[in-house]
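Every number in this text was worked out from the coordinates using simple rules, so none of it is lab data. As the structure is a prediction and not an experimental result, all values here were calculated from the model. Reconstructed Cβ throughout: ideal geometry from the backbone, glycine too, with neighbour counts over all protein chains shown.
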Amino acid sequence: MPKTSRAAVIPEPNAPVEIREFEIPELKPGAALLKVANAGVCGTDVHLWHGKLAGVPYPLIPGHEMVGTVEAIGPKKIRNVDGHEIKVGDRVTIHDVTKTCYSCWFCLIAKAPTKCPNREVYGITMDSTKWPHLIGAYSEYVYVTPGTHVIQIPDHVSFDGAGAVGCAMPTAVHTVIRSPLKWGSNVAIQGAGPVGLMLLALAKINGASTITSIDMESHRLKLAEKFGATHTLNIRETSLKERHDFLREITNGHGPDIVYEATGNALAVPEGVELVREGGTYTICGQYTDSGTVEMNPHLMNRKHLDIRTVWGSETTHVYQAVRTIADNYDEFPFEDVVTHKFLLDQTQEALETQERHESVKAVISPND
């Protein structure tokens, strides 16, 4: 087992990223050491860099999306979520949320474990200044703590192909479960980033009739077509009225049954309410950080008899279903093409800046290349 690991560290909000070396601690019973192949650069990581999330300990090793190979296992056998023993050399991902208590009011009564106040998240809320330190994916190695849920990556799925597992596909799976996507539905998706692309794939798999992707970047809209979009709308080239009229034209005058928001931009929400049909469903899954307030018309939502739904976080079942969905549909969609930019660990600062400028669809850091 290696003795040390290099990792990228955000010393404090808005400070330049530093590369530091950490001693790899002894593995406790139930723990494992993951050699990171790809660490996904999530939009949340950019917000962490700017200090926009509450309850985050700095200095921080960021990175909650990770795929890699099991390098070592502690003195106690551990099993993946399928119940199979994990072995050195296994290709895996993990559910980044750990220590969900399943004992509090949210877990037991509200049946909303993603709101459990005791949850801890790799690369976000787990404290890098304390033992075992290596709990963020922007690192050559990650200390997988006892109790972490591990999911096997099938052999035919590359690490780039599994890059959508981190946040995008689990969020999309959770979103579709929270909304009434049915065979023959007319769907519109605001945003053609990773989450939006995975929603496109799920809409296609579930037999949606029309699937419209709405974005401002032409390169993302081209990729959206490969993920099942029957139509695309560029908001730089169309007005809200034109988008509204087009969506009604392709749905026999009704509009989309479901509109999904996957932009992270608060300004998308009033438009989504305008676009969805009367009696339809508007589902918000992109607002994981505070992008500001917008003016809304409650009468419009009420008059349209809308079902408004929101999505926060993912459970282990969503991560597991995400891996299975990608594996089962690997020949149908170009999952590997979602990774448009790859960076070395020493290029972490550049990776964050690239993500912030929306130049990448999905950027990953490969710490061991």
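Annotations
- Positive minus negative residues near Gln349 (Lys, Arg vs Asp, Glu; Cβ under 14 Å): -4
- Dividing the helix sum by the residues of the chain, where each DSSP H run of 4 or more adds -39500 (n - 2.57), gives a mean residue ellipticity at 222 nm of -6500 deg cm²/dmol.
- Ranking of Lys226, Lys204 by count of other Cβ atoms within 10 Å, fewest first: Lys226, Lys204
- Dividing the convex hull volume of the alpha carbon atoms of segment 1-94 by its residue count gives 117 Å³ per residue.
- Links that overshoot a 29 Å alpha carbon limit, given the list Lys77/Lys204; Lys52/Lys130; Lys76/Lys342; Lys35/Lys99; Lys52/Lys304; Lys226/Lys304: Lys77/Lys204; Lys76/Lys342; Lys52/Lys304; Lys226/Lys304
- Relative to the 2.2 N^0.38 Å rule of thumb, segment 169-310 has a C-alpha radius of gyration ratio of 0.93.
- Under a model in which nothing but the beta-carbon of Lys, Arg (+1) and Asp, Glu (-1) is charged, segment 1-143 shows a dipole of about 440 debye around its Cα centre.
- Of the residues Asn14, Cys42, Thr4, the one whose Cα sits farthest toward the positive end of the charge dipole of segment 1-46, with +1 on the Cβ of Lys and Arg and -1 on the Cβ of Asp and Glu, is Thr4.
- Spatial separation of Cα centroids for segment 315-338 and segment 191-234, in angstrom: 16 Å
- Ordering Lys241, Lys52 by the number of other Cβ atoms within 10 Å of each residue's own Cβ, fewest first, gives Lys241, Lys52.
- Beta bridge orientation in the chain: antiparallel %, DSSP, nearest 5: 55 percent
- Residue exposure sequence - Met301, Met1, Met126 - by fewest surrounding Cβ within 10 Å: Met1, Met301, Met126
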